[in-house]
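Asker: Can you keep this structure in mind? I'll have questions shortly.
The values are calculated or read from the model by the stated rules, or taken from the named source; none is laboratory data. Owing to the predicted nature of the structure, the values given are computational and were not obtained by experimental measurement. We place every Cβ from the backbone using ideal geometry, glycine too, and count neighbours over all the protein chains shown.
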Amino acid sequence: METANGPRKKKKTIRMIPQARTPALEQDPKERARNFKEVNCGYRVEDAQLEAERCLMCPDQPCVSGCPVNIAIPDFIRKITDRDYRGAYDVITASNLLPSVCGRVCPQENQCEGVCTVGESLEPVAIGRLERWVGDLAIKEGWSNIPYIEPSGFRVGIVGSGPAGMACAADMAKAGCEVTVYEAFHEPGGVLKYGIPDFRLPNSIVDEEIEKLKQLGVRFECNTLVGRLFTIEQMIEEMGFHAVFIGTGAGYPSFSGIPGENLNGVLSANELLTRCNLMHARDFPNYDTPLQPGKHVVVIGAGNTAMDALRVCLRLGAETVSCLYRRSRAEAPARVEEVHHAEEEGVQFHWLASPVEILGDERKNVRAVRCVRMVLGEPDDSGRRRPVPEPGSEFEIETDMMVYAIGTNANPIIGQTSRLELNKRGYIATDENLATSIPGVFAGGDIVTGAATVIQAMGAGRRAARSMKAFLGLRDTDSVYQERPGGAAGSLFGIDPAERGYARVRSPR
Amino acid sequence: MTTNTQASGYEIVARRDFSDVTYLLEVRHPMLAKAAKAGQFVIVMASEHGERIPLTIADYDRDKGTITLVIQAVGKTTREMQRDLKVGDRLVALVGPMGIPSHIGHAKKVLCVGGGLGVAPVFPQARAFKEAGAYVVGVLGFRNKDLVFWDDKFRAVCDELILCTDDGSAGLKGLVTEGIKQAIAKHPDIEECVAIGPPIMMKGCAEATRPYKIRTMVSLNPVMVDGTGMCGGCRVKIGEVVKFACVDGPDFDGHLVDFDDLMVRLQRFKPTEREANEKFNENCRMRSIPAAAGGAT
């Protein structure tokens, strides 16, 4: 290790680092396709050490800006090489309270790893795997970072306990607010619990991370359907919340409207995953929720949810599991790693195929799906080539369970029950600071943008927290040392007197 | 097996057994009692390993801070609840009120029809119409005299009440559609009808009022998981459109509802339900506890 008086270590170059990415242990595809244990077993300490060596510590740090929550990635990797693992955890948790979750489910290839300097000539540093390793070690060692929190006297209500709500809750709790998170289900966690299956993100890990939020003083109130039990307006006007964040997610699954969708055996991926993951239908009859798994399953769509549905069905004992997608593999929205895992486990992919009709038997159970082959035409609005049906190319696939994973629409409950402004697609309208049309009410995640990723929702939660702090006049630690554009005029030693975050004693009332 | 030792959860403050299969639970939840409106429902989980079952709110008492659920023991979960739940026990989950409240308009004369278990959820609507100043004609249908419940409650809020039983052991002999015919014959100026009960009965009611073009609202209770619009299990066909009963309903125009589709979809889990019921029967035989442990109040 370098010391102040020793010779400085030479700058690392691409030729000095381990050339190949350190592989993570994975369960054998044949074996894992029949169990719900985690596919990726994670790094061992020696793997983490080796992989950490691959970071060039480049001065540009593109990975930091590539991360939606701007984790100081090179700093935590340096702590790993210094064997200061607790330090690495401290660096990560300064920006992200849920490293074990994000290390597993972030699409790193489009974020930090996608812009990694090493990635220009070799495979990028496995930042996600390192983050997960640090997070899991923290759980094992019982580390948690409970900063000294000075109560600010403000009360913040959060609607929805998914990734957006959790991220916002963490930031507001650290800012000294009394935070209550409301969840409609009987357990907190949102999509991390009901949606993402255990083999990708064990629910026990989610519970551990929620435990850390509780240690920050965050309260979780389950079985609470905000909008119907009480409204957003009541939270502000009657219940004494100084600010509210809405992170209810998109919900409301889409169907495509082809004939036969109401046959029994046709269901949304949300329903399949919720029954299996949150309600434990896979342990029926020890748990009461039924599922009736299919023997020959067809899943429509090729996003991450579709991959989860496909792989869940394999594990529930399906003999064949097929994926129908109207575009080609290159356009599939799922993470490359997920498609790869699904292929390894034996999922059959029908690229460039789209369902036109679902056929039933005399008892109105699904029997088969009639599909048509597609060819890619001119690019559409999304820049992807538009699929067009090929005449006379129809074919049938026999199936007893059809799962729709083609996206979601806006959940209507908050819109039905408040005077919040919505956009024309039914999502909550916000400005660039995620403020809604009601003062003090902020919104973020899928209920604002439509379906996106876990980390994007967390990023939105943190962005909303920043706006909320500004709204409440709380000091935002991110901007403490920023020069005010107008200079120091009208400020007290450079501190805006309107800010309430610097005085020890104050009253919000 | 009920988790009555834990302090969290929602306390059962009263239980009444109407018959071998129908029972009433009154549960403490002051906030819910305050928010509940006619036509809404809740989702209940009786135990940690339980399923989430949707139940229409049969009554609410804002002063006492309680809501009332009337339950029919048909599946494994509802039979287990019937066997195990006592006053003082706690439900592990109770969430609501869900769904869009019933629209109580300014109709001057309305018909409130309840069949079997549907008698319970139609009560708050009858009361709301009465409070809104309407002339309320109630039509209640049961299989026989022993199954009759809440006729007294209805008499208090209805201007007229027609009781029907399949075998004629009480009131009029015949289905509720008979009662509807009589009511319409006597009151040709009925403007609106609310019908709640098994799908086949609601279908019959919709057909009975269709020739008279009386607006008929029905309350649908399809299979669902979350009750918040997220799973789509509860999709129903209303005319040419597919709606989610949990967030777009549960009330729909009975003249547009595709009841055949609804009835098919309600059969979805029949095989698993049978399996669960058989297993439950086996467990019951193995237990030497008397089945009537709940006890009527």
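Asker: Tally time: how many residues in segment A:200-237 are under 18 Å from B:P30 (Cβ atoms) and within 11 Å of another protein chain (Cβ to nearest Cβ)?
Answerer: Residues in segment A:200-237 being under 18 Å from B:P30 (Cβ atoms) and within 11 Å of another protein chain (Cβ to nearest Cβ): 11 in total.
Asker: List pairs: first in segment B:30-46 and farther than 16 Å from B:G99 by Cβ, second of a type in the set (D, E, K, R) and not in a helix (DSSP H, G or I), Cβ under 8 Å, 6+ apart or cross-chain?
Answerer: B:A33/B:D61; B:A33/B:R62; B:A33/B:K64; B:K34/B:R62; B:M45/B:E51; B:M45/B:R52
Asker: Could you please find all residues in segment A:221-253 being farther than 20 Å from A:V191 by Cα and either free of Cβ contacts under 8 Å to residues at least 60 places away in the same chain or of a type in the set (K, R) (or both)?
Answerer: Of everything in segment A:221-253, those that are farther than 20 Å from A:V191 by Cα and either free of Cβ contacts under 8 Å to residues at least 60 places away in the same chain or of a type in the set (K, R) (or both) turn out to be A:R228, A:L229, A:F230, A:Q234, A:E237, A:E238.
Asker: Considering only segment A:181-190, I want to know if a residue exists there that is more than 14 Å from every other protein chain (Cβ to nearest Cβ) and either at pLDDT 95 or above or within 20 Å of A:L291 (Cβ to Cβ) (or both).
Answerer: Checking segment A:181-190: at least one residue is more than 14 Å from every other protein chain (Cβ to nearest Cβ) and either at pLDDT 95 or above or within 20 Å of A:L291 (Cβ to Cβ) (or both).
Asker: Report yes if some residue within segment B:88-96 is closer than 22 Å to B:E131 by Cβ and of a type outside the set (K, R); otherwise report no.
Answerer: yes
Asker: Starting from residues that are of a type in the set (A, V, I, L, M, F, W, C) and buried (at least 24 other Cβ atoms within 10 Å of the Cβ), keep the ones in segment A:435-454 and report whichever is modelled with the lowest pLDDT.
Answerer: Checking each candidate, the answer is A:V454.
Asker: If you go through segment A:311-320 one residue at a time, do you hit one that is under 30 Å from B:F280 (Cα atoms), within 14 Å of chain B (Cβ to nearest Cβ) and either surrounded by fewer than 24 Cβ atoms within 10 Å (Cβ to Cβ) or in contact (Cβ under 8 Å) with a residue 12 or more places away in the chain (or both)?
Answerer: yes
Asker: Quick check: is even one residue across segment A:294-302 touching a residue at least 60 places away in the same chain (Cβ under 8 Å), more than 8 Å from every other protein chain (Cβ to nearest Cβ) and surrounded by fewer than 20 Cβ atoms within 10 Å (Cβ to Cβ)?
Answerer: Checked segment A:294-302: at least one residue is touching a residue at least 60 places away in the same chain (Cβ under 8 Å), more than 8 Å from every other protein chain (Cβ to nearest Cβ) and surrounded by fewer than 20 Cβ atoms within 10 Å (Cβ to Cβ).
Asker: Would you be able to say whether some residue in segment B:123-142 is of a type in the set (D, E), at pLDDT 90 or above and within 30 Å of B:I12 (Cα to Cα)?
Answerer: Yes, there is a match, as at least one residue in segment B:123-142 is of a type in the set (D, E), at pLDDT 90 or above and within 30 Å of B:I12 (Cα to Cα).
Asker: Of the conditions (1) away from every other protein chain (no Cβ under 11 Å); (2) more than 30 Å from A:T430 (Cβ to Cβ); (3) buried (at least 24 other Cβ atoms within 10 Å of the Cβ), A:M279 clears all except one; give me its number.
Answerer: Unmet for A:M279, out of (1) away from every other protein chain (no Cβ under 11 Å); (2) more than 30 Å from A:T430 (Cβ to Cβ); (3) buried (at least 24 other Cβ atoms within 10 Å of the Cβ): (1).
Asker: Among the residues of segment B:35-47, how many are farther than 14 Å from B:L85 by Cβ, at the interface with another protein chain (Cβ under 9 Å from one of its Cβ atoms) and surrounded by fewer than 24 Cβ atoms within 10 Å (Cβ to Cβ)?
Answerer: 1
Asker: Pick from A:T436, A:T408, A:T449: which is touching a residue at least 60 places away in the same chain (Cβ under 8 Å) and away from chain B (no Cβ under 14 Å)?
Answerer: Answer to the selection: A:T436.
Asker: Hey, another quick one. In this structure, does B:P54 turn out to be within 14 Å of another protein chain (Cβ to nearest Cβ) and not hydroxyl-bearing (S, T, Y)?
Answerer: Answer is yes for this residue.
Asker: I'm told A:G249 meets every condition in (1) in contact with a strand residue (DSSP E or B) (Cβ under 6 Å, 6 or more places away or on another chain); (2) within 14 Å of chain B (Cβ to nearest Cβ); (3) crowded, with 23+ Cβ neighbours inside 10 Å except one. Can you identify the failing condition by its number?
Answerer: Here A:G249 meets the rest and fails (1).
Asker: Which residues, counting only those in segment A:416-434, are surrounded by fewer than 19 Cβ atoms within 10 Å (Cβ to Cβ) and either under 12 Å from A:A250 (Cα atoms) or basic (K, R) (or both)?
Answerer: If the condition is that a residue be surrounded by fewer than 19 Cβ atoms within 10 Å (Cβ to Cβ) and either under 12 Å from A:A250 (Cα atoms) or basic (K, R) (or both), then A:R419, A:K424, A:R425, A:G426 are the ones that fit.
Asker: Report, by residue number, each residue of segment A:290-338 that is among the acidic types (D, E) and within 27 Å of B:L266 (Cβ to Cβ).
Answerer: The answer is none; no residue qualifies.
Asker: Taking B:I71 as the residue in question, decide whether it is within 26 Å of B:M230 (Cβ to Cβ), within 14 Å of chain A (Cβ to nearest Cβ) and of a type in the set (A, V, I, L, M, F, W, C).
Answerer: When the stated conditions are applied, B:I71 does not pass them.
Asker: Condition test on B:Y10, is it at the interface with chain A (Cβ under 9 Å from one of its Cβ atoms) and in contact (Cβ under 8 Å) with a residue 12 or more places away in the chain?
Answerer: Criteria met by B:Y10.
Asker: Restricting to strands (runs of 3 or more DSSP E) lying wholly in segment B:173-283: which have 2 or more residues that are within 23 Å of the chain's Cα centre (by Cα) and either within 14 Å of chain A (Cβ to nearest Cβ) or touching a residue at least 60 places away in the same chain (Cβ under 8 Å) (or both)?
Answerer: It comes to B:192-196, B:215-219, B:235-238, B:241-244.
Asker: Could you count how many residues in segment A:137-170 are surrounded by fewer than 24 Cβ atoms within 10 Å (Cβ to Cβ), out of contact with any Pro (no Cβ under 9 Å at 6 or more places or on another chain) and farther than 30 Å from A:R275 by Cα?
Answerer: 12
Asker: Looking at segment A:126-169, which of its residues are under 30 Å from A:E238 (Cα atoms) and in a helix (DSSP H, G or I)?
Answerer: The answer is A:P163, A:A164, A:G165, A:M166, A:A167, A:C168, A:A169.
Asker: Kindly list the number of the only condition in (1) in a helix (DSSP H, G or I); (2) surrounded by 24 or more Cβ atoms within 10 Å (Cβ to Cβ) that fails for A:R463.
Answerer: The failed condition is (2).
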